[in-house]
1. Can you name the residue in region 532-542 that is touching a strand residue (DSSP E or B) at 6+ places or on another chain (Cβ under 9 Å) and in contact (Cβ under 8 Å) with a residue 60 or more places away in the chain and, of all such residues, is surrounded by the most Cβ atoms within 10 Å (Cβ to Cβ)?
2. State all residues of region 294-331 that are aromatic (Phe, Trp, Tyr) and closer than 27 Å to Cys471 by Cβ; if no residue qualifies, say none.
3. Among the residues of region 263-293, what is the count of those that are out of contact with any strand residue (DSSP E or B) (no Cβ under 8 Å at 6 or more places or on another chain) and either assigned to a loop (DSSP other than H, G, I, E, B) or buried (at least 19 other Cβ atoms within 10 Å of the Cβ) (or both)?
4. Run Ile182 past the list (1) over 13 Å from Cys366 (Cβ atoms); (2) aliphatic (A, V, I, L, M); (3) surrounded by fewer than 22 Cβ atoms within 10 Å (Cβ to Cβ) and report the number of the one that doesn't hold.
5. Looking only at region 294-313, which residues are farther than 25 Å from Val519 by Cβ and either assigned to a helix (DSSP H, G or I) or among the hydroxyl-bearing types (Ser, Thr, Tyr) (or both)?
6. Val584 fails exactly one of the following numbered conditions: (1) of a type in the set (A, V, I, L, M, F, W, C); (2) modelled with pLDDT under 95; (3) surrounded by 21 or more Cβ atoms within 10 Å (Cβ to Cβ). What is the number of that condition?
7. Closer than 30 Å to Ser44 by Cβ and aliphatic (A, V, I, L, M): which single residue out of Leu547, Leu555, Leu511, Leu527 fits that description?
Amino acid sequence: MQSLGQNEASLACPQGCCPTSLLFNPPPPPPQSQNTTAKPRNSSAECRHSFAATTASSIFPNTKFTNHESLPSLHESFSEFKKVYPQYSETDQVDHVRAKEYYHLSFSNQSCLDYIGIGLFSYYQRQHHHDTSKTQLASSSTPQYSDNIPFFSISYKTGNLKTLLLHGGQESEFESAMRRRIMKFLNISDNDYFMVFTANRTSAFKLVADSYPFQSSKKLLTVYDYESEAVEAMISCSEKRGAKAMSAEFSWPRLRIRSTKLRKIIVSKRKKNKKKRGLFVFPLHSRVTGARYAYLWMSIAQENGWHVLLDACALGPKDMDSFGLSLFQPDFLICSFYKVFGENPSGFGCLFVKKSAISTLESSSCAGIVNLVPERLLLQPSEDKHSSKQKPLSILQEQELSSLSSFSGRIQTSQAIKVEQELSELQIIAAPAKPKEGSGSVEAKGPVESLQSKKAQDSGENGGFNIECRCLDQVDSLGLIMITNRTRYLINWLVNSMMKLKHPNAEGVPLVKIYGPKVKFDRGPALAFNVFDWKGEKVEPVLVQKLADRNNISLSYGFLHHIWFADKYAEDKGKVLQTKEGRVQGVTTNKKKDRDELGVTVVTAALSFLANFEDVYKLWTFVARFLDADFVEKERWRYTALNQKTIEV
């Protein structure tokens, strides 16, 4: 594995007094005797506690806001924010990147808080490329295109995952360059893992579910506090193939993992049984609530005979630099990339398979594996002898094709088939390369590994066919510490400020209920919440989302589930649990299927590395408008009366 840079392997605490561990949530230290010397004052634990205490006591101390018109201005709030978090000024470089490369966010005045993930290219890069292409098309009937043009669409491959991994497949220079760039960004070595492009995140999960040997390793264990389309698709596919699906539970109200129950499921009672127990699917943290989970769970699973799939789709832009991949080495790793932040999040998924795990997979017909089709192939005329029979795609046709190749993976047109045929003419099949001795890798049996190793040898790290992924370059330049600290300040300010909003009645009913971690040093940059009116009735998340959209704030909504209630919270169970369609009163069912369908619908917000203080301030002031009971009733009535998905001004 590639080594981690010393500066990127730890995160400085806000006071600069201590680094955190390589792992976000390390296990607690062993008990010490009474003769042991006291901990130094500037310990990691003390810094974390100090951060939370400072946030809670310094941001609007002893204050509650009962009127949205009484909120401090943006300028006043930002001044106070910088006093509480003076290190925020050290992240000004992010603002410069945003202003130069993502200026569309300012022009549209849109706060994009509706999805989490990593972009490939910048808005400036895309616009500059499109402007150049238009100029070339206007000036020449046969324009020349640079090899490093990064924009693309996708088309489906046929076959199955295991065949591709064992016997290889044709790969264009464009795809090879994109693969190298992504593996370098994620700090993953091709000596240890194969990488496959998929149509989206869901396709990657289904590929594993369709190929994993559930007939012999029957268990599927997932750790998600929210309903995920990708995970539900995996569960559905695996159960049809004989798997027994199980899930971790999350204790109300903080939604922490119910550790005793999860450990009981993971730990094998039969130590001598070397047979794999099943597949353990583990996310680094919740992309809905922002809860981080101890990486130690992966080690426990591996020690007890589980294969591990690491879901890295909720990763921050540089979180892989703080993840000890060489320590855990999951059997499968899934992540996804979109093209440009702040626009339609089209892109692709990535499935990484550990070479030693390939032999365990079963051959099956698997959909979802894709080719990346460079934009230059979509625009330039074919130069082969059959060029007269294949007309180049027009700009309009290319735009139509691009619009179909979103994360939903919908692309099957006659033009796409022609493009794939064109692409096949550019494939490169290299001779098998001799494996390095002592590498411990599985020997490749086809052109995939030979192609990868040959390109790495011929091109070197920066040579050969390169693709400029300007967003990835910017993230690499900004670094882990700057990005993580910036989002940490913003999300904790937002959480604390949300909790200061109270209805102006005698009971002081909170306007906002936050699910999952509150103010916390290690929470992720995602937030799950609901808005309640002065009577304590929940405002439907879909309505909040649509109203936010009218105010140029993009939010999403989710469904929390697998919630466990201790006896002292038994009364809450019947009040908060509901189906996705509506509230359920007096929940007493004991059937697993019925319990799995119950949860809490929530509004969700996620902060990208480009988020700034104005984004979180806009969300806060928007939510505060629900303090006005007339605003709530009027907008709810309008939404219901119009009976439509969008609310027109």
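1. Checking each candidate, the answer is Pro541.
2. Within region 294-331, Tyr295, Phe323, Phe328 meet the criteria.
3. 9
4. Of the numbered conditions (1) over 13 Å from Cys366 (Cβ atoms); (2) aliphatic (A, V, I, L, M); (3) surrounded by fewer than 22 Cβ atoms within 10 Å (Cβ to Cβ), the odd one out for Ile182 is (3).
5. Within region 294-313, Met298, Ser299, Ile300, Ala301, Gln302, Glu303 meet the criteria.
6. Of everything listed in (1) of a type in the set (A, V, I, L, M, F, W, C); (2) modelled with pLDDT under 95; (3) surrounded by 21 or more Cβ atoms within 10 Å (Cβ to Cβ), Val584 misses just condition (3).
7. Checking each option against the conditions leaves just Leu527.
Yes or no, residue by residue, for (1) over 30 Å from Val97 (Cα atoms); (2) at pLDDT 75 or above; (3) not assigned by TED's automatic domain parsing to the domain that holds Glu90:
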| position | (1), (2), (3) |
| --- | --- |
| Tyr569 | yes, yes, no |
| Gly574 | yes, yes, no |
| Thr579 | yes, yes, no |
| Thr589 | yes, no, no |
| Thr621 | no, yes, no |
| Asp628 | yes, yes, no |
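The values are calculated or read from the model by the stated rules, or taken from the named source; none is laboratory data. A quick note: this is a predicted structure, and the numbers were derived from the prediction, not measured. Cβ coordinates were reconstructed from backbone atoms using ideal geometry, including for glycine residues, and neighbour counts include every protein chain displayed.
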